[in-house]
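Throughout, read-outs are computed from the coordinates displayed, never taken from laboratory work. Quick caveat, the model's predicted, so the values are computed rather than measured. Every residue, glycine among them, receives a Cβ derived from its backbone with ideal geometry; neighbour counts consider all protein chains shown.
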Amino acid sequence: MLARVLSGALKGVDGFLVEVEVDLGRGLPAFATVGLPEAAVRESRERVRSAIKNSGYPFPARRITVNLAPADIRKEGAGFDLPIAVGILAGTGLLPRDALQNYLVVGELSLDGRVKKTRGVLPLALFARSSGIRSLIVPEANGTEAAVVTGIEVLAASRLTDVVDHLSGGHALARVRVDPSSIFSKSRGHGPDMAEVKGQEYVKRALTVAAAGSHNVLMIGPPGAGKTMLAQRLPAILPDLTFEEALETSKVYSVAGLLESGGLVTTRPFRSPHHTISDAGLIGGGTYPKPGEVSLAHNGLLFLDEMPEFRKVVLESLRQPMEDGVVNIARAATSVTYPASFMLVTAMNPCPCGFSTDPRKDCTCIPREVHNYLKRVSGPLLDRIDLHLDVPPVEHDKLGREETGPGSRELRETVLVARKAQSARFGGLRIHANAQMTPGMVKEFCRLDQGSRRLLETALDRLALSARAYHRILKVSRTIADLEGEEKIAPPHMAEAIQHRSLDREL
């Protein structure tokens with residue numbers, strides 16, 4: 001007897017249809033799985049056999065062949081357990097085979113028949129809707145995640161027996177309904193307040209510029225100046241995620257198995273990997289590529305503290321995703337693409353001991369040590385960072401003051417005004433911030449008057465800036481003009497943008 005069950009698998013952050021064909025033939029009892037299954041899929045035969053027996057159903061003493069079509073694409077993960085078990089039971093006649101074609105089934109089975117959570121359900125739900133599949137049967141723990149996708153019936157199962165009862169016309173599975181707007185209203189939060197940072201008004205202004213245009217930032221200062229504290233409060237002044245951005249980010253977290261029970265990522269990610277991370281951990285990879293930190297920071301922030309302590313090959317691997325907004329990972333078995341549109345925020349000391357710019361402490365480094373330390377961050381990578389900010393040590397008298405500068409709410413309102421102007425400017429262009437402008441867009445939207453052009457040309461000559469740095473300065477000056485509510489870029493806007501290239505001035 002032959003039975004077919006629809007299921008799905010992942011390639012990158014997108015789902016594709018997998019047809020699970022189960023044949024119960026004559027011969028000695030055996031259980032074979034074909035169709036390029038990886039180890040977790042091949043091991044499903046033991047989980048499926050035990051789950052069927054412990055759920056009270058007879059396991060057929062037949063020659064069982066399971067084919068996962070298309071056969072030329074590798075299948076991974078434990079999500080095929082449930083469709084294989086359903087196919088075997090349909091092949092024995094316990095389930096009507098014609099009822100299986102209306103459902104896409106995914107889920108891992110425990111040995112006692114429980115349906116356990118699996119990763120990648122959100123992309124599969126989006127695929128099912130686009131393919132016209134009417135219903136989706138998922139583990140109960142993935143119900144909210146799948147139900148975020150409107151226009152498809154999501155049925156949550158906690159045990160194999162529940163699925164069998166539903167498909168045989170008995171007790172129906174519960175349909176999961178979710179209001180995405182309610183998830184946003186309950187889960188959103190803006191984190192620590194920028195008002196908690198004493199002093200550093202210049203740096204706060206520069207970070208406001210960065211947030212308004214989604215610009216990359218490098219902060220340079222002695223230990224204890226507040227670099228990490230400032231970076232941790234930067235998400236609080238960024239605009240909220242839109243629903244489309246939340247879906248994009250949630251797909252990455254679903255594929256990585258990190259999506260929480262709420263079903264959506266509702267706040268901008270803030271990822272801060274340790275400096276010992278590998279290039280595969282940062283960019284993504286493995287035998288069967290998984291998303292890295294740059295993809296987990298999609299539509300959010302990637303913070304690299306103590307930037308020169310990262311291995312050089314790791315830092316250089318950032319260059320391509322910073323330009324393209326995606327990561328392409330090629331392996332012998334497969335090639336996948338993950339989104340990686342993030343805002344890079346980095347921090348570093350000015351020298352190995354950290355005190356070369358601290359007027360209160362003596363630096364113990366010799367010039368060659370300082371030079372070698374700074375050279376750990378390459379020029380091409382620095383070119384891709386829009387703002388280089390000097391973070392001075394905080395004066396002691398400011399630490400004890402009660403009054404604070406502008407808080408996150410006030411700064412965020414300023415950022416939102418600038419972002420609104422950018423949305424009006426880029427309507428229909430598939431970008432939402434000045435940092436994402438192409439050279440053609442820079443030429444169109446960053447027109448300079450004679451004074452601004454003269455100032456920029458002087459900076460190019462004296463600092464020996466590259467063409468990439470030239471475009472970065474134009475983008476930052478465009479953002480500063482947006483913050484001031486100005487349509488044209490004036491010399492003060494250009495001067496402030498050039499001022500935020502401190503490393504270029506030093507080199």
Cβ crowding within 10 Å averaged over residues, with 270-281, 492-503 ranked highest first = 492-503, 270-281
Per-residue ³J(HN,Hα) for segment 352-360, Karplus 6.51 cos²θ - 1.76 cosθ + 1.60, θ = phi - 60°, Hz, x for Gly and Pro = x, 7, x, 10, 5, 10, 9, x, 9
So what is the orientation-averaged projected area of segment 449-507, using the convex hull of its C-alpha atoms, in nm²?
-> 3.6
Computed [θ] at 222 nm, deg cm²/dmol, the chain (DSSP H ≥ 4; -39,500 (n - 2.57); rounded to nearest 500) | -11000 deg cm²/dmol
Compute the long axis of helix 243-256 from its Cα atoms, compare it with the longest principal axis of the Cα atoms of the chain, and write down the angle in degrees, 0 to 90, nearest 10.
-> 60
Hey, can you grab everything whose amide H is under 5 Å from the amide H of K75? Only 5+ residues off in sequence or another chain; H modelled, so Pro and N-termini drop out.
-> E38
Going by average Cβ neighbours within 10 Å, how do the peptides 359-368, 472-481, 52-61 rank, with the highest at the top?
-> 472-481, 52-61, 359-368
Fraction of antiparallel bridges per DSSP, the chain only, in percent to nearest 5 | 50
If we sort 343-351, 384-392, 13-21 on the protection proxy, mean other Cβ atoms within 10 Å, highest first, what's the order?
-> 343-351, 384-392, 13-21
Roughly speaking, what is the stretch gain from E260 to R368, that is 0.36 nm per residue apart minus the C-alpha to C-alpha distance, in nm to one decimal?
-> 34.0 nm
For the chain, give the magnitude of the charge dipole about the Cα centre (Cβ charges: +1 Lys/Arg, -1 Asp/Glu; no others), in debye to the nearest 20.
-> 940
Rounded, prolate or oblate: which fits segment 215-311 when a ≥ b ≥ c are the square roots of the eigenvalues of the alpha-carbon gyration tensor, with rounded for a/c under 1.5 and prolate only if a/b beats b/c?
-> oblate
At q = 0.05, 0.08 Å⁻¹, what is the base-10 log of I(q)/I(0) for the chain according to the Debye formula with one equal point scatterer per Cα and no solvent? Please give it to two decimals.
-> -0.26, -0.60
Y202-E484 pseudo-label distance in nm [points 7 Å out on the Cα-to-Cβ vector] = 1.9
Residues with amide H under 5 Å from that of V327, placed H, sequence gap 5 or more = Y338, A340
Hey, for a label at N54 modelled as a point 7 Å past Cα toward Cβ, could you say which residues of segment 72-87 have their backbone N under 18 Å away?
-> 78-86
On a 0 to 90° scale, report how tilted helix 408-425 is relative to the longest principal axis of the chain, with both axes built from alpha carbons and the result rounded to the nearest 10.
-> 80
Computed FRET efficiency, Cβ-Cβ of S502 and S110, R0 56 Å: what is it to the nearest 0.05?
-> 0.50
Taking the Cβ of N299 as the center, what net charge do the other residues with Cβ under 10 Å away carry, scoring Lys and Arg +1 and Asp and Glu -1?
-> -2
